[in-house]
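A short worksheet on the structure shown next.
The values are calculated or read from the model by the stated rules, or taken from the named source; none is laboratory data. The shown structure was predicted, so the numbers you read here are calculated from the model rather than taken from an experiment. Don't worry about glycine lacking a Cβ; one is built from the backbone with ideal geometry, like all the others, and counts go over all protein chains shown.
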Ligand code: F6R
């Protein structure tokens with residue numbers, strides 16, 4: 001996730017770009033940059049870290065009078081957060097900003113290098129500007145060169161390009177990453193979302209995938225694969241707070257809906273035709289490793305538990321999971337054939353960070369799975385895999401959990417292939433299921449309104465038990481955590497086979513059981529456990545692809561062949577249930593009482 005802003009007109013461009021980027025800083029803030037052409041001359045500034053650093057760097061620069069300008073705030077995917085890797089990326093006479101991932105950049109880069117092009121950064125983005133200039137050197141036609149460039153790109157992109165070859169023009173293209181165009185008289189704006197242009201533009205056009213074109217002389221020319229096309233604008237919203245949430249009531253709700261999209265970002269460039277590839281990893285990290293230990297807190301601990309089932313079952317590598325605050329003081333015995341993995345959304349959780357430092361002191365190799373590049377945990381680890389969920393604002397974690405779990409699933413397949421514990425046939429089945437995950441995460445109106453209706457029946461009672469088996473036990477823990485965090489109702493996650501060893505004593509009609517009943521994993525066993533609860537009059541909300549006649553309430557899921565697809569689909573159901581119960585109780589969904597987004601104290 002990165003943020004993009006562009007502007008053509010007579011206003012002070014630096015201010016428009018910096019103010020716009022400020023609104024997009026939530027999309028990433030490891031570096032930022034702007035490029036401006038005025039009087040046919042290019043100027044650019046970049047700074048690593050928060051936008052304030054770029055503001056400080058540009059404080060003496062003025063850019064009023066006609067010109068074209070582009071800006072970017074970055075969330076690193078390819079290459080570290082350095083000034084060279086910050087956008088805009090420059091060629092000889094042009095600049096580009098880009099949000100998304102160019103999947104075939106390596107192939108394009110090699111071709112350009114063979115033509116003698118010199119690359120400055122490690123990013124995929126830089127290929128766009130060099131490709132443009134390569135075509136321009138052949139045909140001296142800026143728009144033709146831009147269209148040819150776009151034609152060559154595979155993957156997700158929203159991109160803006162300016163060039164001294166057409167100093168009054170901004171070229172744009174969108175595919176898979178968001179971008180819109182704002183209008184106010186002859187002034188034209190571009191942005192990744194509404195907020196940077198609210199209060200400046202009055203009309204807006206939301207670009208569709210596959211559209212590209214250019215803006216010049218107060219006009220936009222729009223094209224797609226069928227040639228030039230017409231478009232109509234609509235009035236731009238005026239409420240900024242609402243726009244930040246993209247029209248959703250809460251950040252948590254927006255983040256639940258975003259999961260399908262960010263999951264694709266997590267997979268891009270990693271889920272290949274016949275294997276998983278992590279450019280962050282190599283076989284050296286796994287040399288001599290016969291054991292994995294994962295340490296995390298809260299929701300991240302639940303994804304770790306899910307990962308341990310996958311790693312042992314599929315990759316056949318022993319894996320233990322520890323709650324970081326327990327691990328620190330138990331005087332753990334650590335062996336140097338153990339790979340120590342930490343998982344953290346923020347990368348700043350004190351207990352997880354300290355656990356990592358302990359493991360490093362004992363000489364263990366370390367890997368972190370994290371959502372924030374350059375965070376303390378990432379910096380402390382030997383290697384890091386970024387989850388690419390984008391900034392998570394809701395205190396109750398949703399998309400971070402989904403992407404952590406996906407990374408663990410991918411890591412499982414990566415290790416299984418490396419250690420030859422998986423057949424190609426099984427690997428193909430897993431990869432195929434993986435590619436279906438974004439679909440399994442889609443929230444339909446039907447599902448959401450069903451949970452809104454159901455939620456009114458779950459506002460009281462003396463407690464909730466979320467139950468599941470196997471992979472669905474950690475999901476039960478996570479479902480219960482989500483509900484208690486934002487509803488303030490007591491909820492527990494439990495392995496369903498364990499209920500009869502004590503907790504079933506609580507069963508009566510005021511005990512709400514949320515039963516995760518996947519079809520593809522131990523269905524008959526879970527069914528018997530739920531029947532035992534139903535026989536004791538517990539109120540059952542069953543979530544399953546298979547109708548269950550003893551259920552008091554039933555949410556039917558769609559996927560029934562692969563456990564992980566069932567997992568992700570059921571995860572969304574539990575998240576929506578927690579959300580709607582919280583809304584009905586009138587709680588602060590995004591900032592529940594007593595909690596903080598980043599827990600930097602032990
Ligand atoms: C729950 C939640 C917390 C965090 C925990 C660890 O919704 O967000 O339980 O998961 O505080 O935080 P990170 O993942 O940042 O280390």
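Quick check on residue 323: is it away from the ligand (no atom under 16 Å from the Cβ), buried (at least 16 other Cβ atoms within 10 Å of the Cβ) and at pLDDT 95 or above? So residue 323 does not fit the description; no. For the criterion of being part of a strand (DSSP E or B), in contact (Cβ under 8 Å) with a residue 40 or more places away in the chain and closer than 17 Å to residue 179 by Cβ, residue 237 fails.
Exactly one residue out of 550, 541, 565, 521 is in contact (Cβ under 8 Å) with a residue 12 or more places away in the chain and in a helix (DSSP H, G or I), and it is 565.
For segment 408-421, state whether one or more residues are touching a strand residue (DSSP E or B) at 6+ places or on another chain (Cβ under 6 Å), within 16 Å of the ligand (Cβ to nearest atom) and not assigned by TED's automatic domain parsing to the domain that holds residue 508.
no
Being modelled with pLDDT under 95, farther than 30 Å from residue 186 by Cα and outside any strand (DSSP E or B) is a property that does not hold for residue 54.
Quick grid of which residues meet (1) within 26 Å of residue 17 (Cα to Cα); (2) surrounded by fewer than 20 Cβ atoms within 10 Å (Cβ to Cβ):
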position: 92; (1), (2): yes, yes
position: 97; (1), (2): yes, no
position: 111; (1), (2): no, yes
position: 114; (1), (2): no, yes
position: 121; (1), (2): yes, yes
position: 125; (1), (2): yes, no
position: 129; (1), (2): yes, no
position: 132; (1), (2): yes, no
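Taken together, the residues in segment 326-357 that are within 16 Å of the ligand (Cβ to nearest atom) and touching a residue at least 12 places away in the same chain (Cβ under 8 Å) amount to 20. Answer with yes or no whether residue 400 is under 24 Å from residue 305 (Cα atoms), within 16 Å of the ligand (Cβ to nearest atom), in contact (Cβ under 8 Å) with a residue 40 or more places away in the chain and crowded, with 24+ Cβ neighbours inside 10 Å. Yes, satisfied.
Here residue 54 clears all of (1) in contact with a strand residue (DSSP E or B) (Cβ under 6 Å, 6 or more places away or on another chain); (2) over 15 Å from residue 25 (Cα atoms) except the condition numbered (2). The set of residues in segment 221-234 being under 31 Å from the mean Cα position of the chain (by Cα), surrounded by 13 or more Cβ atoms within 10 Å (Cβ to Cβ) and assigned to a strand (DSSP E or B) consists of 222, 223, 224. Screening 441, 454, 483 for residues that are under 23 Å from the mean Cα position of the chain (by Cα), away from the ligand (no atom under 16 Å from the Cβ) and either surrounded by 15 or more Cβ atoms within 10 Å (Cβ to Cβ) or not assigned by TED's automatic domain parsing to the domain that holds residue 521 (or both) leaves exactly one candidate, 441. Within segment 366-378, is there a residue that is away from the ligand (no atom under 13 Å from the Cβ) and either closer than 23 Å to residue 290 by Cα or crowded, with 24+ Cβ neighbours inside 10 Å (or both)? Scanning segment 366-378, I find at least one residue that is away from the ligand (no atom under 13 Å from the Cβ) and either closer than 23 Å to residue 290 by Cα or crowded, with 24+ Cβ neighbours inside 10 Å (or both), so the answer is yes.
Taking strands (runs of 3 or more DSSP E) as the structural unit, those lying wholly within segment 313-388 and holding at least 3 residues that are over 22 Å from residue 30 (Cα atoms) correspond to 319-323, 338-344.
So, of the residues in segment 568-602 that are part of a loop (DSSP other than H, G, I, E, B) and away from the ligand (no atom under 13 Å from the Cβ), which turns out to be modelled with the lowest pLDDT? Ranking the qualifying residues of segment 568-602, first place goes to 593.
The residue that is nearest to residue 367 (Cα to Cα), among those in segment 293-318 that are away from the ligand (no atom under 12 Å from the Cβ) and free of Cβ contacts under 8 Å to residues at least 60 places away in the same chain, is 294. Total residues in segment 198-219 satisfying the condition of being outside any loop (DSSP other than H, G, I, E, B) and farther than 27 Å from residue 245 by Cβ: the figure is 6. Only residues that are crowded, with 18+ Cβ neighbours inside 10 Å and out of contact with any strand residue (DSSP E or B) (no Cβ under 7 Å at 6 or more places or on another chain) were counted in segment 304-320, giving 5.
Just one residue in the set 196, 178 is touching a helix residue (DSSP H, G or I) at 6+ places or on another chain (Cβ under 7 Å), closer than 28 Å to residue 238 by Cβ and either in the same structural domain as residue 261 (by TED's automatic domain parsing) or crowded, with 17+ Cβ neighbours inside 10 Å (or both); that residue is 196.
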